[in-house]
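The values are calculated or read from the model by the stated rules, or taken from the named source; none is laboratory data. These figures come from a predicted structure and were not determined experimentally. Cβ atoms come from the backbone with ideal geometry, glycine included; neighbour counts cover every protein chain shown. Remember, those area values only see protein heavy atoms, side chains included, never the ligands or the DNA or RNA. Shrake-Rupley method; radii C 1.70, N 1.55, O 1.52, S 1.80 Å.
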Amino acid sequence: MASDRRYYYFEEDDGDGEEEVEWLAMEADEDDVGLLEEDDLHLRLPDDRPADCWAITQESLPAAQQQDLSMVMNLLNIKQHHARTLLIHHRWKMHCIYDHLDRKGRDRMLSEACIILPKNSMSAASSTSVTCNVCFEDFSMTDVSTMDCGHCFCNDCWTEHFFASINTGNKQIRCMEVKCKAICDEDIVRRLLSLKYPAASKRFNLLLLESYLEDNDSVKWCPSAPHCGRAIQVGTGERYCEVACPCGVSFCFNCAGQVHSPCPCAIWEKWKAKGHGDSDSVKWILANTKSCPKCSKPIEKNGGCNLVHCKCGQCLCWLCGGPTGREHTWDSISGHSCNRYKEENGDKVDTSRQQMQRYTHYWDRYNIHAGSYKVEQKDLGPAVEEQVKKLESNLTGPKMNWDGSWLAMAYQSLLASRQVLSRSYAFAYYMFGGGEVKTHPSERASLAVAQNLFEDRQEQLERHVEHLSKELATDLLGLPEEEIVLKKVEIANLAKIVQAICGQLYRCIQDELLPLLVQPMNIAAYQPDGPDKAKEFIGA
């Protein structure tokens, strides 16, 4: 009989979250029907807010850049090229500009960015000509240009200086005066170049636009191939997030690689590098070799006799891998017997083979869940889609069965949790042994406790994911209407439980495990709906 109690909320307690997971991890069987209402499927865990991200095309790039420029120009009452210099200096981070403005004041902040504001213009000079200190020729006042720093040179020398700077790819052109760090006025650069080098003027404008992408920590190109022509912009402080470009490619914003949470970028790179060459080799070594008890190198047997000689001089029994002498007959080795099973002594365990077996343990589970994801995507996906269509087209049944979106949402939860499970084994391989990722020696006790918590979450998630996969494979259309209603609630409950445990697994990694590492690492926040979808940027 179903319980009359209902749970409508997700709350974080002040402890380690054990009580919260306890009810979430309950089996979604007949006793769980009614735990979660249909509207609860849209609830998010407390920290699972989407990142603010935008897709910028070549057409919308000028508007996106101008938006930030205008903000700084209005804030500090400065010219556009000064605003651009300040933003490039702070890598287009508005929060850094606000922080420096608050702590150092406007003048000091601008000075540290090598920005010199124009001084009050001097009274009109009586002379009608000026000597250029580069070519030492005299020019009329209409043939010279003066920058904000007050240095004045002839237009011909300025033009050649601009042209040479642009040819070297320099988008921030400094004054020609010795030891002057002032940035030249963009309007003067464009005006003079357009008269003699119009192509260089266009390239200068392109360099200024590209600076918004190349010098901006909040903007990265979409890694699609062939390239879709979009760059993704995220909000301040959203460096560790996973985003989806409108072209369909999802990626980690921090490393621009494939989506890999809950694995930190550094650990995921190690796992990928190891997996490219090691997996098949390790399995072959474990299946076809024995380790020498003296030098620990793997040995392949190339004859029929079970007495094997290593290059280091050690003899060993191929049946058990134990060290022996050289004397033997066709049916026995002198002084050696291994027909009785003995418990392995911990001091004599082969560490190199242990490491290979340990890697195989994590690799197999990583690979199994990755394979299940592909199968569920290929075979289960079309079947679920077909059931959704038929449920929504069956208008003769109960109204609550007309909407098949709950089934599609549960299927998406299954796919997302499969990937989380798969990558969690890559994380565990490096986090809990191997020595490649260092933890603080003083935190060993905390690591043991956090490892138990992580593995509990992982086991709970594995169990419920398999249950959800089984339920989604059920042919709902062959069931009576009443059973479809019960299946709907059961599958919805399971999907929500899986999402909640995923969130707890992420928090365990971010809050309990990563702080124990010597090298600081972070992961993207868990998003039940998958990577944050970037919206097309439309200028005002």
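Computing FRET efficiency as 1/(1 + (r/R0)^6) for E483 and E214, where r is the C-beta to C-beta distance and R0 is 45 Å, gives about 0.15.
Once the Cβ-Cβ distance between S111 and A266 is put in as r, and R0 is 56 Å, what FRET efficiency do you end up with, to the nearest 0.05?
Details: r = 37 Å, r/R0 = 0.66.
Given R0 = 56 Å and the Cβ-Cβ separation, E is 0.90.
Remark on K533: its backbone amide H falls under 5 Å from those of A244, a criterion applied only to residues 5 or more positions apart or on other chains, H modelled at 1.01 Å from N. For the stretch 74-121, trypsin sites (Lys or Arg not before Pro) meeting the loop criterion (DSSP other than H, G, I, E, B) and having at most 13 other Cβ atoms within 10 Å: R91, K119.
For the stretch 363-377, putting each phi into the Karplus relation 6.51 cos²θ - 1.76 cosθ + 1.60 with θ = phi - 60° gives couplings of 5, 4, 6, 4, 6, 4, 6, 5, x, 4, 4, 5, 5, 5, 6 Hz, in residue order, rounded to whole numbers and with x for Gly and Pro. Each part reduced to its alpha carbon centroid, the stretch 415-434 and the stretch 144-178 end up 55 Å apart. Among 452-464, 473-485, the peptide with the highest mean count of other Cβ atoms within 10 Å heads the list, and the full ranking is 452-464, 473-485.
Under the simplified labelling scheme, the E536-K179 pair shows an inter-label distance of 5.5 nm, with each label point 7 Å from Cα along Cα→Cβ. In sequence order, the stretch 185-191 has phi-based couplings of 5, 4, 5, 5, 4, 5, 4 Hz under the Karplus curve 6.51 cos²θ - 1.76 cosθ + 1.60, θ = phi - 60°, and Gly or Pro positions carry x.
Roughly how many debye, to the nearest 20, is the charge dipole of the stretch 132-215 about its Cα centre, given +1 on each Lys and Arg Cβ, -1 on each Asp and Glu Cβ, and no other charges? Write down the numbers at each step before the final one.
Numbers: 9 positive and 13 negative charges, 47 e Å.
The dipole of the stretch 132-215 has a size of about 220 debye.
The amide H of T236, built 1.01 Å from its N in the peptide plane, has no neighbour under 5 Å, considering only residues 5 or more places off or on other chains.
Stokes-Einstein diffusion coefficient for the stretch 83-222 at 25 °C in a medium of 0.890 mPa s, Rh from the Kirkwood formula over Cα pairs: what value in µm²/s? Walk me through the numbers on the way to the answer.
On the way: Rh = 16.7 Å.
Translational diffusion coefficient: 147 µm²/s.
Taking Lys and Arg as +1 and Asp and Glu as -1, the other residues whose beta-carbon sits under 11 Å from that of V420 total +2. The residues of the stretch 132-215 expose on average 51 square angstrom of accessible surface per residue, using a 1.4 Å probe on protein heavy atoms. For L316, what is the net charge nearby, where nearby means another residue's Cβ is under 9 Å from its Cβ and Lys, Arg count +1, Asp, Glu -1? Value of the local net charge: +2. Partner lysines whose Cα lies under 17 Å from the Cα of K297, excluding those fewer than 8 positions away in the same chain, are identified as K283, K311, K348. Coupling constants for the stretch 430-441 follow from the phi torsions by the Karplus curve (6.51 cos²θ - 1.76 cosθ + 1.60, θ = phi - 60°), and in residue order they are 8, 6, 10, x, x, x, 7, 10, 8, 10, 5, x Hz; glycine and proline get x.
Filter K79/K171; K220/K374; K272/K438 down to the pairs with a C-alpha to C-alpha distance above 22 Å, please. Mind dumping the intermediate values first?
Values: K79/K171 17 Å; K220/K374 29 Å; K272/K438 19 Å.
Too far apart for the 22 Å limit: K220/K374.
The simple spin-label model puts a point 7 Å past each Cα toward its Cβ; for K104 and N170 those points are separated by 2.3 nm. The mean sequence separation of alpha-carbon pairs under 8 Å and at least six residues apart, normalised by the residue count of the stretch 425-540, gives a relative contact order of 35 percent.
Here the translational diffusion coefficient of the stretch 132-215 follows from Stokes-Einstein with Rh set to the Kirkwood radius across Cα pairs; for 10 °C and 1.306 mPa s it amounts to 121 µm²/s.
Between T142 and Q58, what is 0.36 nm times their sequence separation minus the Cα-Cα distance? Round to one decimal in nm.
Working: separation 84, 0.36 × 84 = 30.24 nm, distance 3.72 nm.
Result: 26.5 nm gained on full extension.
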